[in-house]
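The values are calculated or read from the model by the stated rules, or taken from the named source; none is laboratory data. Quantities reported herein were computed from a predicted structural model and do not represent experimental measurements. Glycine gets a Cβ as well: all are built from the backbone with ideal geometry, and neighbour counts include every protein chain shown.
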Amino acid sequence: MSSPALLPTKAELAAARPALPAPVVLVPTMGALHSGHLALLRAARAVAGPGGSVIVSIFVNPLQFRPGEDLDRYPRTLDDDLAMCAREGVCLVFAPSAAEMYPGGAPQVTVDPGPAGQVFEGEFRPGFFGGVLTVVLKLFHLVRPDIAVFGEKDAQQLALVRRLVSDTESVPTVRDPDGLATSSRNRYLSPADRELALTLPRALRAGQARAGAENGAEDGGSASAALAAAREVLDAEPALAVDYVAVVDSRTFTVAGPGYAGPAVIVAAATAGGTRLIDNVPVMLAGADRRSTERGLRGAADH
Ligand code: AMP
């Protein structure tokens, strides 16, 4: 059985992920693998089937340890873990550092496990399940598994993860044939208002097209170019009262800077004939706009 790829960074994981045959089955662990984990790996291999992929994550999550707990002493046996993964047909081991998972230090936004996270284990380890669910959600976003495997040994964790998944499923925006996102408030729109409201999705599509066209295109790709394309459409329709339009990093919801590369969302809100609408489209940004970089360099050289 060949050794699994050992990936310490999110970038490597993101690069490897598209090539993994489905179904992709994730087994989150903190490493120091033992027979309990072995059962999970075998179950994962079985549900993945001969054609699917098993990913094991090994991460000792500092968020779920309190001061005085055993974060520093927690056993780390990466070589043995990799050997077990190799024997069990694991394709890929994602083993990030704490700095890789939490580049800004402890995250300010965390998952609140709700009342079920306050009792039993949660009573004895305050903050524990918030830490667990935060990292599990992060892993789900990074790996985008079709199936995740958890052990019943940690039954409260299992219950909370199940709850997390059922509470956080998402569905892409449903649109009417004219492109307007369906909304209960759309019924307030007169035909003329609706015509006006359509400027919003049209602007977002323009931004999306610019971002898409730029990925690999001659003139570079950037958040600022996508934003400019969306603004241009909105500015041409002064009757639409725009609250905001922005390109944000979809993971942090902070404004994507001109050099930002990665998943982003163009978000916008506007009022058409008294009805407030919000909408957004996802975009994948290629990074700095070559023209603005060149301008920047020329500007710098001028000084
Ligand atoms: P840990 O590495 O302790 O975070 O555990 C990773 C996963 O392995 C969790 O889903 C645990 O529930 C599972 N696990 C740990 N020990 C056992 C065990 N003895 N039997 C079954 N599953 C286990």
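Within region 67-80, restricting attention to residues that are surrounded by 12 or more Cβ atoms within 10 Å (Cβ to Cβ) and among the charged types (D, E, K, R), the residue that is farthest from Leu92 (Cα to Cα) is Glu69. Taking the options Val24, Val93, name whichever one is assigned by TED's automatic domain parsing to the domain that holds His141, within 16 Å of the ligand (Cβ to nearest atom) and in contact with a helix residue (DSSP H, G or I) (Cβ under 9 Å, 6 or more places away or on another chain). So the residue among Val24, Val93 that is assigned by TED's automatic domain parsing to the domain that holds His141, within 16 Å of the ligand (Cβ to nearest atom) and in contact with a helix residue (DSSP H, G or I) (Cβ under 9 Å, 6 or more places away or on another chain) is Val93.
Look at region 143-158: where a residue is in contact (Cβ under 8 Å) with a residue 12 or more places away in the chain and part of a helix (DSSP H, G or I) and a partner is hydrophobic (A, V, I, L, M, F, W, C) and near the ligand (Cβ under 6 Å from one of its atoms), sitting 6+ places away or on another chain with Cβ atoms under 7 Å, you get Gln157/Phe150. Of all residues assigned to region 129-140, at least one qualifies as being among the aromatic types (Phe, Trp, Tyr), surrounded by fewer than 21 Cβ atoms within 10 Å (Cβ to Cβ), more than 12 Å from the ligand (Cβ to nearest atom) and in a helix (DSSP H, G or I). Of the residues making up region 171-180, at least one is of a type in the set (A, V, I, L, M, F, W, C) and either surrounded by 19 or more Cβ atoms within 10 Å (Cβ to Cβ) or within 16 Å of the ligand (Cβ to nearest atom) (or both). Could you figure out which of (1) within 21 Å of Thr9 (Cα to Cα); (2) of a type in the set (S, T, N, Q); (3) away from the ligand (no atom under 12 Å from the Cβ) isn't true of Gln64? That leaves (3) as the condition not met. Being in contact with an Asp or Glu (Cβ under 8 Å, 6 or more places away or on another chain), in contact (Cβ under 8 Å) with a residue 60 or more places away in the chain and crowded, with 20+ Cβ neighbours inside 10 Å is a property that holds for Val93.
Can you name every residue in region 102-128 that is surrounded by fewer than 20 Cβ atoms within 10 Å (Cβ to Cβ), within 20 Å of the chain's Cα centre (by Cα) and touching a residue at least 40 places away in the same chain (Cβ under 8 Å)? Within region 102-128, Tyr102, Ala106, Pro107, Thr110 meet the criteria. Of all residues in region 27-61, those satisfying the criterion of being crowded, with 19+ Cβ neighbours inside 10 Å, more than 9 Å from the ligand (Cβ to nearest atom) and of a type in the set (A, V, I, L, M) are Leu41, Ala44, Ala48, Val54, Ile55, Val56.
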